Amino acid sequence: DAGVTQTPRHEVAEKGQTIILKCEPVSGHNDLFWYRQTKIQGLELLSYFRSKSLMEDGGAFKDRFKAEMLNSSFSTLKIQPTEPKDSAVYLCASSLGGQDTQYFGPGTRLLVL
Amino acid sequence: GEQVEQRPPHLSVREGDSAVITCTYTDPNSYYFFWYKQEPGASLQLLMKVFSSTEINEGQGFTVLLNKKDKRLSLNLTAAHPGDSAAYFCAVKNTEGADRLTFGKGTQLIIQP
C-alpha cells in the first residue's frame, strides 16, 4: 500500500504569492492532519479533518492558511499571501482514527523569500 | 491544554553507549503515547506506541518506559549505533481535541564513532 504522499517536495515562493500544497492520505484512512515543522516551534497542528469534515483549524493559522479536503483521497493546504516566516516543512499525516497511529508523508519544504 | 516537555533538545553519545530521552506531560487523562524517529531530510517514522495500561515496552535496541504517576515517558536506547542518529519526538494523545496529538519539541541525537 502506498503511504502518505505529498507534492511538491520543495517549493520556493516570493513574499505575497499564493502557494498550494497537496496531500494524498493512505487509502482508507479517515483522519487527515496538516502540521508545520520548524526547529524553534517543533510540530504545530494547522488543520485536522475527520471523514472530510474540518474538526480543527489551528487557531492562530486561520487568517492566511486554508486547508480543504474535497474528497477522501486528496487534501490541499493553501497559504495566501505567503510571508518569509512561513518558511518551514509542511507535513501531512493520516490515520484510521481513534487509537490508530498517525502516518506521516515526506513533507514539503517551503522557502519564502 | 496538554503541555509536553521533551528533554534534552540535543544529545551526543558514543557508539555503544546508552541514550535516554524523556518527555513529561501535564494531562493525567493522557492515554496513548508515541515515539517517532526523523532521519535527516526524511519524515517522521513511528518507533513505538504504548497504551497507558502498559509500563514497559521493548523494541529492537530500545525500551520505552511510562511512569503514569509522574506523567513521564522515556525512550532508552541501548548500545547506540550510527543508524540511531536522528531527531526523536514523543507525542501524547488525550481525551481533549478528538484525536489530536501533542508533540514534544524533539531531541537531536548524534552518535559519535
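The values are calculated or read from the model by the stated rules, or taken from the named source; none is laboratory data. What you see is a predicted model, and the numbers here were worked out from it, not measured in a lab. With ideal geometry, Cβ positions are generated from the backbone for all residues, glycine too; neighbour counts draw on all protein chains shown. SASA here: full protein model, heavy atoms, side chains in, ligands and nucleic acids out. Shrake-Rupley method; radii C 1.70, N 1.55, O 1.52, S 1.80 Å.
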List the aspartates and glutamates whose Cα sits under 18 Å from the Cα of A:LYS78, skipping any in the same chain fewer than 8 residues away. A:GLU11, A:GLU14, A:GLU24, A:GLU44, A:GLU56, A:ASP57, A:ASP63, A:GLU68, A:ASP86
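Quick check on my link table: of B:LYS49/B:LYS105; A:LYS62/B:LYS105; A:LYS85/B:LYS68; A:LYS62/B:LYS49, which ones sit more than 29 Å apart, alpha carbon to alpha carbon? Don't jump to the answer; show the numbers that get you there.
Values: B:LYS49/B:LYS105 18 Å; A:LYS62/B:LYS105 22 Å; A:LYS85/B:LYS68 38 Å; A:LYS62/B:LYS49 31 Å.
A:LYS85/B:LYS68; A:LYS62/B:LYS49, as the Cα separations exceed 29 Å there.
Return the percentage of antiparallel bridges among DSSP beta bridges fully within the protein assembly as shown, rounded to the nearest 5 %.
Numbers: 75 of 84 bridges.
Here the antiparallel bridges make up roughly 90 percent for the protein assembly as shown.
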Simple label model, 7 Å out from Cα along Cβ direction - A:SER53 to A:LYS15, nm: 4.1
Using a Förster radius of 22 Å, what is the FRET efficiency between B:LEU46 and A:ILE40 based on their Cβ-Cβ separation? Nearest 0.05, please. 0.35
Rounded to the nearest Å, the spacing of the alpha-carbon centers of the range A:53-113 and the range B:42-80 is 27
Percent of accessible area on the range B:3-113 owned by carbon and sulfur, 1.4 Å probe? 49
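Mean 1/r over all different Cα pairs, inverted: what Kirkwood radius does the protein assembly as shown give, in Å? Please report the intermediate quantities before stating the final value.
Numbers: mean 1/r = 0.0552 Å⁻¹.
18.1 Å is the Kirkwood radius here.
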Can you list the residues, at least 5 places off or on another chain, whose amide H is less than 5 Å from the amide H of B:MET48, using H built in the peptide plane? B:TRP35
Give me a comma-separated list of calculated 3J(HN,Hα) values for the range B:25-32, in order, Karplus coefficients 6.51, -1.76, 1.60 applied at θ = phi - 60°, integers in Hz, x for any Gly or Pro. 10, 10, 7, x, 8, 4, 9, 9
